[in-house]
Structures are given as C-alpha cells and as structure tokens.
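Here's the structure we're looking at; comments come further down.
The values are calculated or read from the model by the stated rules, or taken from the named source; none is laboratory data. All values derive from a computational prediction rather than experimental measurement. Positions of Cβ are generated from backbone atoms using ideal geometry, with glycine treated the same way; all protein chains shown enter the neighbour counts. Please note that ligands, DNA and RNA were not included when accessible areas were found on the heavy atoms of the full protein model with its side chains. Shrake-Rupley method; radii C 1.70, N 1.55, O 1.52, S 1.80 Å.
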Protein chains: 2
Amino acid sequence: MYRNVTCGELRLADVGKTVTLAGWVQRIRKMGGLTFIDLRDRYGITQLALNGDKLSLADGLGREFVLQVTGQVIERQSKNAQLPTGEIEIEVSEINVLNPAVTPPFTIEDETDGGDDLRMKYRYLDLRRTCVRKNLELRHKMAFEVRRYLDEQGFLEVETPVLVNSTPEGARDFVVPSRMNPGTFYALPQSPQILKQLLMVSGFDRYFQIVKCFRDEDLRADRQPEFTQIDCEMSFVEQEDILNMFEGMSRHLFKAVLGIDIPKLPRMTWADAMKYYGSDKPDTRFGMRFVELQDLFHEVENQKPEAERFSVFANANYIGGICAKGCAVYTRKQLDQLTEYVRRPQIGAKGMVYARVEQDGTVKSSVDKFYTQDVLQRVAKAMEAEAGDLILILSGDDAMKTRKQLSELRLEMGRQLGLRDPKKFSCLWVVDFPMYEWSDEEQRLMAMHHPFTSPKPEDIPLLDTDPAAVRANAYDMVINGVEVGGGSIRIHDAKLQEKVFEILGFTPEQAQAKFGFLMNAFKYGAPPHGGLAYGLDRFVSLFAGLDSIRDCIAFPKNNQGKDVMLGAPGVIDQVQLDELNIVLK
Amino acid sequence: MYRNVTCGELRLADVGKTVTLAGWVQRIRKMGGLTFIDLRDRYGITQLALNGDKLSLADGLGREFVLQVTGQVIERQSKNAQLPTGEIEIEVSEINVLNPAVTPPFTIEDETDGGDDLRMKYRYLDLRRTCVRKNLELRHKMAFEVRRYLDEQGFLEVETPVLVNSTPEGARDFVVPSRMNPGTFYALPQSPQILKQLLMVSGFDRYFQIVKCFRDEDLRADRQPEFTQIDCEMSFVEQEDILNMFEGMSRHLFKAVLGIDIPKLPRMTWADAMKYYGSDKPDTRFGMRFVELQDLFHEVENQKPEAERFSVFANANYIGGICAKGCAVYTRKQLDQLTEYVRRPQIGAKGMVYARVEQDGTVKSSVDKFYTQDVLQRVAKAMEAEAGDLILILSGDDAMKTRKQLSELRLEMGRQLGLRDPKKFSCLWVVDFPMYEWSDEEQRLMAMHHPFTSPKPEDIPLLDTDPAAVRANAYDMVINGVEVGGGSIRIHDAKLQEKVFEILGFTPEQAQAKFGFLMNAFKYGAPPHGGLAYGLDRFVSLFAGLDSIRDCIAFPKNNQGKDVMLGAPGVIDQVQLDELNIVLK
C-alpha cells in the first residue's frame, strides 16, 4: 500500500503518529513561511503543513497532483469544525509525487465552474467531486441493502440474458446483429418480464434481479436508453403479500440508508388519486386536495337566466379547485403568472379562476360579476378556505384532462410554498388501477399495465359487460410524487387470459403469435404469481434529493443517447459491417 | 398467500398441525385404498396421503399439476430417511387444482430422460429439476457473499454502461446500431477495463462490479457470448495488497458457501508453473510434477556412437517425464491408448516413451534397445520412481509445446487415477507472468495480459535490452487447474507506458489513436492502481463441481450462440431495419 491511513480518518487522538497518506491536491495555500496543502481522497480531506526546509517540497506542485505524503500528525492551531479531520494537520517530512496533473478544465469542487457538457465530456473528473461521488456511494448502499433484504426473505437473484429476442409489444428495442446467424438479430431486454414469469413456472418461487434494461426511445429529459431495475417476482401470492413484502423492503431501505422510520404506507385507489390529486402518482408531502365544484356551480347556473350565466362553468363537465393556504396575498402579477403557467402548451388549460378570502371573510374573485357573495361563500366553504387563503379553479369538458392540469397547478403551488422539501418523504401505494385504458390513436382498449395483469376477482364479471370499468390487481409505489415501482398479479388461468386478449382486440391467432411462447410454458403448470419492478436510478435520485437521475449514474448518456466521454456511439470498420452482413443505408 | 408452509419445512414436531401447502405434483402412487402424492416446491418435497372418501381428490391429477393442498400433518408409517420431510406426511382434507399441466417432454428428475437440446428448448422445465436449480441457488449465494465481503472492505459497486464504444484491441465486439445517430454503433463491453481505470482516476479508490461482458467469438465448447465477471480495481496498491485482498475474498467464499477452510494460497511463478506442470493454470490437486531429462539423455547419447543413438531423444531440445504411481500394471493396450491420446491433433505429440519399474526394481521400457539398464535406473532415480510405478516421457524441439503436451498427458493420468476429485479444492496464485509473448501470426511481441500491465520494477531495465524476458506484475488465481481470476498492476507512469507501447510496435500516433482516451485521462492525475477480474460462471461451476458452465447459467446459449427457448437471435421487421438505417446484405 502507498498509504497507511486515508485522508478521512485522522483525529486529535492520532496526534504524534507518523503516517503516510496518498491522494490528490485539492488546494495549495502559501502564507509566507508556511504552505498548506489540502490532500483529498474518497474518504476525506487532510491538511498538510510545510514549513522551514520542507517548504520547497511544495515547489512545482499543482491542483490534482497525486501525492504520497509522510509526516507527523499534529494538532491544528486554527481548527476547522466543518471538516472531520479539522482538528489535526500533518507536519510533512516527505512528499513523493506519484503523478503530476495538468490543470483540469473545471474546478473539482461541489460548486464547480464546469457546465453540463464539459462535466460530461470529462466525467472522470466530474466524478472526483464529492457531491457526485456521494450519489454513487448512496447507489451502492441502496443496491446492497436491497439485496440484503431480499436475500433474507428467501429471494434468489437470477441473472437473465442481455441478448434476447425482440418483443412483440412495448417500446422500441435496441438490436444486435448476429454474425454467426446472418440476417438475424438479438434484442436487448426492455425488462426481464417474460423471463421472470418463466422462472415462476420453473418453481423459483421468489426471484429478484438488479438488472440493466434498454429502451430505444426518443429521450425526453431525464430518460436514459439504459436504466436499472430492481425486478422482483413471487409465486403463490396475492396482492396483499406483495404489498407487504415490498413495503417492508422500502422501510428497510429508509431505515438502513437514511436512518428514517417511515410510517405504514397508506393505500389510495387509482380513482381517488385521480379525483383528489389528478395524478396516479400524487405528491402527498402536502395536502391541497382537489374539491369538485361542478355540482355547486351547475346548480347556481341553472337558477340564473341564460344571459347571465358564466358559460365557462355552465358548460364544463368538470370544475375543480384547490385551496392555497395563506396565499390571498398573491399579487395580480403572481396570479397572472399562474394563469400563464397553466396555459402553457404542455399543460393546456384555457384559463384559471381565482378567489381570495379576505381578512374580513369576504371573497373576492376573478368572476365576481357572475356570482353573488353568497355563491362565493358557498365555494369558500366547500373548499374549506379561511381568511387569507387563495382558491384556484380550473374547469373543462374532459374531467381527466382538467384534473391533470389542476395537478400541475397544485404541484407548482406546492413548489412555490416550499411544501415539496426533498428531505421529507411521503410514501404510498396506489392500487386498483384500471385494467384497460382507451387509446384514441389505436381506437381500442389497451392494457394499462401489461396484458398479463390479472383483473380483480370481483370485477371479472364486468369483463363481459363493461370492460373499461374493470380494475386490475396492479399497484404502484409512489414517493413524493414519483412512481418508484409498480407491478401486478399476473393471470395464471389460460381461459381468463384468452378473454383478456380478446378484449384487447387480439384474435386467438394474433394472441398466439404474440404471446404464444409464454402461454405455452404456462400449459406445463403455472403457479399463481405476481411481482413488481422498481426503477433504481429514480429511487436513488429520490433518496439523494435530486431532481435528475443523471447524477446517480456513473456514466450517463445525454439527450441524444450519446456518451460524449467515450464517444459512443461511433463508426465501425467496414470489416465489422461485412462480418455482420449488414450495409449502411 | 396460497400456503402457510412450504414443501420443505415440516418435521415430526409439526404433527397434528393443519397446514396448507402449494406446489407441483412430482409423483402419484396408487396403492389399493391409499394414494400418495409427492408435492414439490423450491424448498423440498412433502408426501400427501389420501384415503377413504378423499381418494377421489386425486382423480384426474397428473404430473406437474399445480395444487393447493390442506390437511393435517401426521407421522409416517414407513419413514424416508433420504428426505428431510421423510418422517411426516399430510392427511389431505382438500385439494384445489391451481393449474393443470400437460405432460412435460422429459421427466423432472435429477436423472432425466431429456437430451441436451430438448432440455434447452424447455429450459423453464429443466430449471424445475432440483440439481439444476441448486446451481443457481449456489450462484446467488456466491454473488451475495462476494458483495458482502467487498462491501465490508470498502469497495463500491459502480454500474458501468452496457452501451459503450467499440474497443481497439481484443476480441470481436457485439455492436448495436444507433437509430438516433444514423450510421453509428454502440458496442457491448468485453469488460469494463477502461471504465474501471477511469474510476480510479476519479478517486473511487475501491471499485467492484458483478457485470455482464460480451464477446462475439466463435464459440468453443463451454464459452458463452455473454458471461459474468466479478470485476475489481483498487488504488494506491501494490501487487501484494491485491493478492491479499482477493485471497481473503476466496477464503470467505469457500468458508461461507461450502464451509471449507482453505489454506493460505501458495504462489508459483509462471516459469515454475510451465516447468513443472506445463501449464499456466496447473491442477495442483495432485503432484506428478514434470522432471526434465534432456541433460541426462543428452549426456548418454553423446557418449554413444552416432549409429546407436535414439535420434528422437538425441535431437530433442526438451525431454520431460512424469511418474504415475502404481501404474506399472498398465497393459500394453492402455499404454497404446495413452500414446494415441497424446498424438491426437488437439495435443499433437509425435509419440510417447514409457518405462515400468518392475517389482524387482528393474526398469522395462519401450526404448530398451537404445538404453542400458543402468541408464534406465538413472532415469527412474531422477523421476523418483519406485517399484510399481510407470514413467511416461515426451520429447520435442520446442520446450513450451512439449510441456503443453505433457501437461495434457498429466491431466489425463490424473483423471484415470481419480486424482481430480471435484469435491477437493487446490488453490494457488500464479505470478510473474511474462509481459510479452511472441506472436508468430503478427511477427511481433504482444501484450500477454493487456497493454496497461505494469512490468516488475526490477525488470524495467530489461525493457531496453531483452523485452521478451521482462516479467509483469500480473497474477492469476488458479483453482483445480482452472483460471478463475486474473489481473495486474497497471502502469500509471506516462513515460513507462510509452516505452511499453513502443515495444508492442505502436508508433506514438498509433498509441494515441488506440489508447489516447485513457492516456489523456491519466494526464489529470492517475493514482497507482491495479485489479483483477473473476469469471463468475466458471467460479460457480467449480464450486458446484461441474465441468460445464452452462448449468450455472439460467438461460444459456448453445454453441451457435442461440437461445433455442426464446428463439433468439431472430429476424426483425423491415420497419426496424429502416429506422436503424441498415440493410441486410
């Protein structure tokens, strides 16, 4: 070893010891007859002090030089309480330059002067920054604790192949031309869904895998072409068993990694999540639940002569409001900005109605000319708004669309009010998802989760009469408005599966062509089973309190799917193309 | 849960309990008024007993049906000591068929009637066999214990990307056409070598990853296009630190997984391994070390008139023998078979000389007409052969080639004598590999490990005078004649790296083009570092006592790189090809 201590471990109790450290030069400060060097490694920073005839040892050294340093631990004169090693320094007797360094293109500090592009090009230097490395230490710890918990629960981690076959449904596959089998391609897995279900057919009983998955999608912000799932499946279980098992896992992670005891996870039906939050992944760190006002307003409007009606509300199928506590002080400008916010094309609301509850209890609204104070008081009461509160109302023909707009407004208000503290965690299960959702594009019902998802037993009769109303044994774990995981109980009954395919519009032949392989395997004795998958990148970023997953990935790709550090993807030799029997177009 | 106990846990102490189990029908035996069903799950087998009015519950059941069974635990009349649950059975009150099963194409038994091809096509049924599943349980446990050990030693598991760039040296890459960047390709990593070295530049200090790697090679027996490495790297270390760290890991694995205490690993130089075993991965479960006889025979031959010389030995640069204890009883036929064995084209020896030491001490050899009994006695003495032993001798012009042939003969004799017990483990480090090996094909020195491998400091002067003699700080861990892991200390000094490239025949421009990226990163301050990688598939198969890695992989590919179960690789749509801007030739 080039060292016998790290840069993070020396304390006052070590004073007097002769030690050897190795690390990078963080900073050099020359102060007359004294030179200080901060030496950095993964474990911390230790101050080196040079004086007298040792001063010359610092000659020629620069930032990021790699040094091996020997010296004696002494007590510091001016201690640094910010630093775990801040009470000591090293009186240097010897410096061995292990490697010099050219000046890095940006500063290796938590607050760096490097822009995103530069940091990505020199990611190996970016990773030297403590704040970035901490995220990867967190990721290691989370993955390890996931494994520890699942191992203790009898789960087996089974590696499934990366070179698989192209799947019939879902997103676009990355493919790999086969040299040995000209004209054919492997595909990279979008998830090990089919393979984990096969492992249940094999009797593996409890499977998990922390596994890379791949989707060749146009990359929106914060999507990566390769991402990591915690993929899990269990046999002989019902939904309740899975919820309990993975609630336990999340509780273990919060405790072991963050030291936080989280309360038992509340469960919210998908219907309630949409009704009260306009989202299937509600951020429950704060209330501001939706109150539906269409009945109230329609009653009022119906009592008015047609000419006096507020047509926007009179004709809206859905009117919903949120109450922002203490926001009656919002200025006209702030309210205009909120209106602009919800009218952005990404959100698409037509307008916003607001009402302030004044200190004297009167309500002043942007629709005062259409409604009496009496009506506005009824609204305030329905909203449970008190003096000083602000009521924000959206309306529209399509309840679901309007709810989603109101959800964006709610989240923005939560942000403005500081109610979305990344250090605070609110977890829940969203359950009872619909089996199907209507696709305008395909003009048919589509599987909301995937076509193997089991309907709730009590809803099975509805498959014949009202399939759109059927609820699934599907569930998502939501933390702070982020879907960190989701899954379902799978259908293990061939007849039920046939019916589900039929509703999805597949002929028996199409179903056979698309899913015959798994259906065939099921004929040999499939156990009841179900599972779920977590997005590890997202889970880590949540624990790290970050908005983006990118800094929880060692070598992420940019929005064009490029690794600018490695220069991937790149051109390949003609020889390689020839061997693969492919030609560029 | 569909069960409250598994099929592996009930014991005599549970008698009287009412339990519910779920699993697969292993076997049904009808014996007059009594029917027995063996119910199987991952945890074991439990016998179900039906009699009286419950007999009819077994009607229509068949092998591999999935059942949920309720009944009372009772003591068995005829106990089965082979089975952990063999003292009890279940007096069945209720059977619920969770799923019927068609008859599987082969029996789900350790000794199955299914051939390799059929088992691979129905791998999900093959995985039901206990002997196969046990290998994957072992794999899970080994991977988990690797992580536990390395985590405790301060290693961080960092996921490196799967979509990388094509590498300049090494085996053939699998490539992935990029849709978003037409005409370019990602490559799948052959190993994270460069990325882990970058992580050392980043100051990660101790990195590991259990990671899939990919090589598009023509598949020899027991090679897989995707395989799993335990990939490790450390900073500020010397060879000794790495050997100790990973010897510790292996010791932990043997203890935690197999309950075996292994002795401190001996270290053998590459030169000694070649000299005494003819292999850089000697199987040291048994002795039978090579004895070199060329000096002895040349001395004898030189004293003879030319006409009487045994030209084979007289002209051989290398003559080596092994002594097979107690094998003087080998018949002429057995000896002829051994001769045929070494003359197979894969081994390529021209012939074999043998000598038996008879009970009276005289030596009878296949070359009696060329040598006096006195000479043969000298040979026997050199070989430490005693009465009853058999001496086998190979010779040739090329010492290395002949040693490799003799190594094959030694391994075959070890096999015949039962000296290669898969339940016995002999581990060692092979160290001091040569830096370079001569390539007849390329007519130049090639890097034996890889071009970043550091020479031994004391051999650095030889780089200028005799590069072929330079030894590297490179090491392999060998267990039972299998190289389970290997690595090296890397060069961190730019000047030394330049010289090594020069000897490899790269101009500075070529070196820059091939390795410039890593060299560039090193300019920003590279610590001394080194590491190694284990082949997990091989490591598991060794622990499992298997010859092949295939049964330690859940879904392996065959020798044509095909997954016959999934039907991968397969054809893809024209639409996909168009999107990827490629055309099939």
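Brief remarks on what is shown
- Candidate set from region B:413-431 (those that are closer than 21 Å to B:G320 by Cβ and open to solvent by less than 20 Å² (accessible area, probe 1.4 Å)); member that is farthest from the chain's Cα centre (by Cα): B:M413
- Taking region B:275-388 and the strands (runs of 3 or more DSSP E) fully enclosed by it, the elements with 3 or more residues that are in contact with an Asp or Glu (Cβ under 7 Å, 6 or more places away or on another chain) and touching a residue at least 60 places away in the same chain (Cβ under 8 Å) are at B:318-324.
- Residue match in region A:80-96 (condition: under 20 Å from A:Y43 (Cα atoms) and part of a helix (DSSP H, G or I)): no
- Taking region B:442-498 and the strands (runs of 3 or more DSSP E) fully enclosed by it, the elements with 3 or more residues that are open to solvent by less than 10 Å² (accessible area, probe 1.4 Å) are at B:474-479, B:482-489.
- Considering only residues in region A:26-43 that are at the interface with another protein chain (Cβ under 10 Å from one of its Cβ atoms) and touching a strand residue (DSSP E or B) at 6+ places or on another chain (Cβ under 6 Å), the one that is nearest to A:I108 (Cα to Cα) turns out to be A:R40.
- Residue among A:L546, A:L566 that alone is within 30 Å of A:D222 (Cβ to Cβ) and outside the structural domain of A:E137 (by TED's automatic domain parsing): A:L566
- Looking only at residues in region A:235-259 that are of a type in the set (V, I, T) and in a helix (DSSP H, G or I), the one that is surrounded by the fewest Cβ atoms within 10 Å (Cβ to Cβ) is A:V257.
- Among the candidates B:D283, B:D222, residue that is modelled with pLDDT under 95 and in contact with a helix residue (DSSP H, G or I) (Cβ under 8 Å, 6 or more places away or on another chain): B:D222
- B:I74 meets the conditions (1) more than 18 Å from B:D110 (Cα to Cα); (2) surrounded by 17 or more Cβ atoms within 10 Å (Cβ to Cβ); (3) in contact (Cβ under 8 Å) with a residue 40 or more places away in the chain in every case but one. The failed one is (2).
- Per-region count, region A:420-441, residues outside any loop (DSSP other than H, G, I, E, B) and either aliphatic (A, V, I, L, M) or without any contact (Cβ under 8 Å) to a residue 60 or more places away in the chain (or both): 6
- Listed by position, the strands (runs of 3 or more DSSP E) contained in region B:124-229 that have at least 1 residues being out of contact with any Leu (no Cβ under 6 Å at 6 or more places or on another chain), open to solvent by 10 Å² or more (accessible area, probe 1.4 Å) and facing another protein chain (nearest Cβ under 9 Å) are B:206-214.
- Residues (more than 31 Å from the chain's Cα centre (by Cα) and either open to solvent by less than 70 Å² (accessible area, probe 1.4 Å) or among the hydrophobic types (A, V, I, L, M, F, W, C) (or both)) located in region A:312-330: A:V312, A:F313, A:A314, A:A316, A:A328, A:V329, A:Y330
- B:L546 being buried (at least 23 other Cβ atoms within 10 Å of the Cβ) and more than 8 Å from chain A (Cβ to nearest Cβ): no
- Considering each residue of region B:535-545 in turn, at least one proves to be more than 30 Å from A:I194 (Cβ to Cβ) and modelled with pLDDT of 90 or more.
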